[in-house]
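Scroll down for the structure; my scribbles are underneath it.
Nothing in this text is a laboratory measurement; each read-out follows from the coordinates by a stated rule. Predicted model only: the values in this text are computed from it and were never measured. Methodologically, a virtual Cβ is constructed for each residue, glycine included, from the backbone with ideal geometry; neighbour enumeration extends over all protein chains shown.
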């Protein structure tokens with residue numbers, strides 16, 4: 001494996017993936033959604049603002065980080081992200097001790113979200129430079145770690161800590177802060193760019209270096225019509241998926257309870273945790289699968305398949321009352337949701353080139369910010385509005401997702417592959 005100063009690019013990719021795994025625990029937020037509502041008497045909308053703010057500031061800080069990387073290098077940003085991310089858990093624990101919803105929003109949502117964004121953009125930008133010969137596979141593998149974070153949280157970390165603390169959320173969040181701070185800092189220490197003199201083992205694909213950004217600056221690329229279309233496509237895919245992520249556990253519990261009213265609260269909670277874990281596996285796999293497939297199929301065509309197939313999946317979700325089918329459909333939707341994140345880095349790299357990739361890719365992540373508010377808040381408002389009729393709330397939520405995905409599917413046909421791009 002090619003190396004620099006004794007460290008192979010494989011080790012750097014592994015460290016980037018580990019960092020993403022820690023950051024991806026945010027996707028298990030629905031594991032805590034119901035317990036927080038019941039323990040503190042907060043509404044669904046109030047609690048989910050924590051998740052919405054975390055995702056919103058993730059995208060905003062990732063955009064800022066993309067602009068800073070050329071000046072600072074990736075390691076300082078990755079280390080800063082690790083510190084802020086861990087601090088978000090500590091502040092969340094303090095907020096729960098004080099029964100302070102605003103502090104929970106500020107701590108986990110704003111500060112933790114900024115840490116998420118700084119930590120997220122650096123591994124993606126870094127591996128795209130170390131693996132220009134396998135860009136779709138490499139970036140897909142690293143962001144796959146983010147998708148698997150929910151599995152780590154929902155089936156291992158959270159259940160273990162809650163069992164050890166007797167269900168004490170304050171102690172559990174404190175312990176999670178320690179764990180993720182240590183692991184994230186250790187991983188971030190390995191994040192670095194290749195030296196200017198470094199040459200990849202396989203001839204550099206032309207499309208990775210001579211995109212539009214070679215002639216235009218990052219600002220001009222971000223102001224282009226192509227970028228706007230890519231941003232909108234990304235937004236549509238993320239909004240539909242993240243709305244489901246934020247409430248998949250409560251939604252699955254509702255389906256299970258309706259199918260078998262004899263199920264107890266603890267068993268339903270366990271089913272919800274299993275749903276998070278299973279879907280997180282597909283979220284992670286989707287980032288690698290669709291990213292690798294886009295190397296052969298092309299980026300815009302891959303997004304067409306991702307978006308179009310989800311329209312059918314959400315339509316089926318509106319009709320089914322069978323828990324097993326509901327679970328299968330959620331897993332497929334999360335496969336496609338992850339696929340958007342696995343494909344977009346290479347899409348940006350192909351279209352605009354390696355020189356402006358960190359800044360332009362960071363800017364596309366503002367679509368994540370907007371979606372992080374739009375998707376979960378829409379579902380939360382519907383759940384609170386139709387609290388006595390949960391089936392109505394979920395039906396409206398799924399219908400909204402179908403509309404968004406349909407728009408994205410149409411837009412995907414207007415983004416052309418850059419002439420001369422090598423995708424194989």
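When the chain is treated as a GNM with alpha-carbon contacts under 10 Å, the residue of 190, 341, 352 showing the greatest mean-square fluctuation is 190.
Sorting the segments 143-154, 76-87, 160-171 by their residues' average number of neighbouring beta-carbon atoms within 10 angstrom, most packed first, yields 143-154, 76-87, 160-171. Between the C-alpha center of the range 28-101 and that of the range 341-377 there is a gap of 19 Å.
Values [x] 20.3; [y] 24.1; [z] 18.6 are given for comparison; mean projected area of the Cα convex hull in nm², derived from the coordinates here, is the one labelled [z]. Exposure proxy for 155, 71, 383, 265: other Cβ atoms within 10 Å of each Cβ, ordered fewest to most, give 71, 265, 155, 383.
Mean-square fluctuations from a GNM of the chain, with a 10 angstrom spring cutoff on Cα atoms, peak among 324, 105, 231 at 324.
With n ≥ 4 as the cut-off for DSSP H runs, can you work out [θ] at 222 nm for the chain, using -39500 (n - 2.57) per run divided by the number of residues, rounded to the nearest 500?
-26000 deg cm²/dmol
Peptide packing for 234-240, 60-66 was compared via the average number of neighbouring C-beta atoms within 10 Å per residue; ordered from the highest value, the list is 234-240, 60-66. Comparing mean-square fluctuations of 375, 113, 41 from a GNM of the chain with C-alpha springs under 10 Å, the top value falls on 41.
The angle between the Cα long axis of helix 112-130 and the longest principal axis of the Cα atoms of the chain comes to about 30 degrees, rounded to the nearest 10. Which angle from 0 to 90°, rounded to the nearest 10, does the C-alpha axis of helix 366-385 make with the longest principal axis of the chain? Once rounded, the angle reads 10 degrees.
Highest mean first, the peptides 283-292, 397-406 sorted by other C-beta atoms within 10 Å per residue fall in the order 283-292, 397-406. Based on Cα contacts under 8 Å between residues 6+ apart, the range 1-149 shows a relative contact order of 38 percent. With everything on Cα atoms, drop me the angle between helix 44-72 and the longest principal axis of the chain, reported from 0 to 90° to the nearest 10. Roughly 10 degrees between the two axes.
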